[in-house]
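All remarks here apply to the structure that follows.
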Amino acid sequence: MSTDVRPSVGRGIFYICVAAVAWGTGGAVAAVLYDNSGMGPVAVSFWRFASGVLLLAAAHLLLRRRTGTLARPRWQQVVTTGVGLAVYQTAYFAAVDYAGLAVATVVTLGSGPVLIAIGSHLLMGERLGRAGAATVAMALVGLLLLVGGGSASTASAPALGLACALLSAAGYAGVTLLNRKLGRDSGGSPQVMALGGFTVGMVFLLPLALLEGLLPTSGDVGQTLGLVFYLGFAPTALAYSLFFTGLATVRATTASVIALIEPVTAAVIAVLWFDERLTVAATVGSVVLLGAVVALTLGERRANGARPANATDGDRRPSPARTG
């Protein structure tokens with residue numbers, strides 16, 4: 001028996017929101033690991049992937065026992081997802097190192113929705129319309145204010161950092177578009193895709209992590225293991241399973257904008273736990289960004305309510321009265 005249960009649009013949006021919040025906590029946990037364990041970004045990414053694979057494998061076995069055989073994506077899709085996950089996360093860490101956190105975040109997360117909007121229109125016929133495009137632009141302005149409102153950082157290699165950030169955005173866009181198409185067209189299991197993708201990504205990162213230094217060199221071992229387990233659970237196994245599940249019913253561009261809740265979550269954590277202060281611009285940016293997320297969420301639900309049963313985004317035809 002094969003299980004193919006897709007969420008409603010409302011539930012899919014909720015799943016993506018939870019995933020974005022979980023991703024927002026990952027940066028703070030990784031920062032603590034960098035400071036206390038002596039491990040670098042690639043090694044932390046590798047252990048995040050490895051612990052995520054163990055948790056996803058355990059969840060996969062449990063789900064298979066309860067619900068029967070889960071639909072399997074093609075191996076080419078799994079490999080592409082795995083390489084994309086490894087590339088965009090590692091390239092982002094490199095962009096932070098070369099260009100600073102603000103530039104890396106704005107370029108990566110800002111260009112991601114743009115690339116996804118173009119790709120989803122060309123590959124799947126999804127359309128946002130003028131109102132949707134304006135909302136995406138509003139979200140990008142909010143992101144720029146949020147991240148640019150922080151303190152300035154010294155960039156060691158701005159051009160190289162910019163290139164790494166664009167590479168990261170391309171990898172993120174590729175993973176999002178592929179899994180949107182997979183979830184919409186074939187209904188492959190998001191859990192199987194996440195498990196396969198992170199397994200491939202783990203293998204891809206292993207030689208790089210060995211070169212950087214795979215094991216912690218300082219700090220409390222128990223604390224390090226706990227933080228690694230959290231990275232593998234919340235921002236990896238849980239977040240990506242929910243994100244891939246949500247992509248079965250939520251348009252790719254909408255999902256990418258909802259995922260911008262991640263930097264807002266990171267900013268809140270920085271204020272509450274790291275005693276950082278938000279500037280007026282960063283606060284305004286957070287409000288603007290969250291407003292854009294709410295607007296796109298409502299638009300997604302209205303669009304789904306107006307869609308005929310069993311129709312896909314590519315099946316819809318423009319109405320003469322449609323202006324958005």
Going by the conditions given, is Gly183 of a type outside the set (Phe, Trp, Tyr), at pLDDT below 90 and either in contact with a helix residue (DSSP H, G or I) (Cβ under 6 Å, 6 or more places away or on another chain) or at positive phi (or both)? no
Counted residues, the range 107-127 - those being in contact with an Asp or Glu (Cβ under 7 Å, 6 or more places away or on another chain) and farther than 29 Å from Ala159 by Cα: 3
Can you go through Gly291, Gly285 and tell me which one is more than 16 Å from Gly129 (Cβ to Cβ), over 18 Å from the mean Cα position of the chain (by Cα), touching a residue at least 24 places away in the same chain (Cβ under 8 Å) and open to solvent by less than 20 Å² (accessible area, probe 1.4 Å)? Gly285
Consider Ile116 against the criteria (1) at pLDDT below 85; (2) out of contact with any His (no Cβ under 9 Å at 6 or more places or on another chain): it satisfies all of them except one. Which criterion is unmet? (1)
Could you grab me the full set of residues in the range 252-273 that are in a helix (DSSP H, G or I) and either in contact with a Phe, Trp or Tyr (Cβ under 8 Å, 6 or more places away or on another chain) or not aliphatic (A, V, I, L, M) (or both)? Thr253, Thr254, Ala255, Ser256, Glu262, Pro263, Thr265, Trp273
Suppose we filter the range 133-161 for residues that are part of a helix (DSSP H, G or I), at pLDDT below 75 and open to solvent by less than 50 Å² (accessible area, probe 1.4 Å); how many remain? 1
Some residue of the range 164-179 being at pLDDT below 85 and open to solvent by 50 Å² or more (accessible area, probe 1.4 Å): no
Testing Ala104 on (1) at pLDDT below 80; (2) closer than 19 Å to Ala266 by Cα; (3) open to solvent by 30 Å² or more (accessible area, probe 1.4 Å), one condition comes back false. Which one is that? (3)
So the helices (runs of 4 or more DSSP H) completely within the range 181-251 holding 3 or more residues that are in contact (Cβ under 8 Å) with a residue 12 or more places away in the chain and open to solvent by 50 Å² or more (accessible area, probe 1.4 Å) are 190-212, 221-232
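The values are calculated or read from the model by the stated rules, or taken from the named source; none is laboratory data. Remember, it's a predicted structure, so these values are computed and weren't measured experimentally. With ideal geometry, Cβ positions are generated from the backbone for all residues, glycine too; neighbour counts draw on all protein chains shown. These area figures cover heavy atoms from the full protein model, side chains too; ligands, DNA and RNA do not enter into them. Shrake-Rupley method; radii C 1.70, N 1.55, O 1.52, S 1.80 Å.
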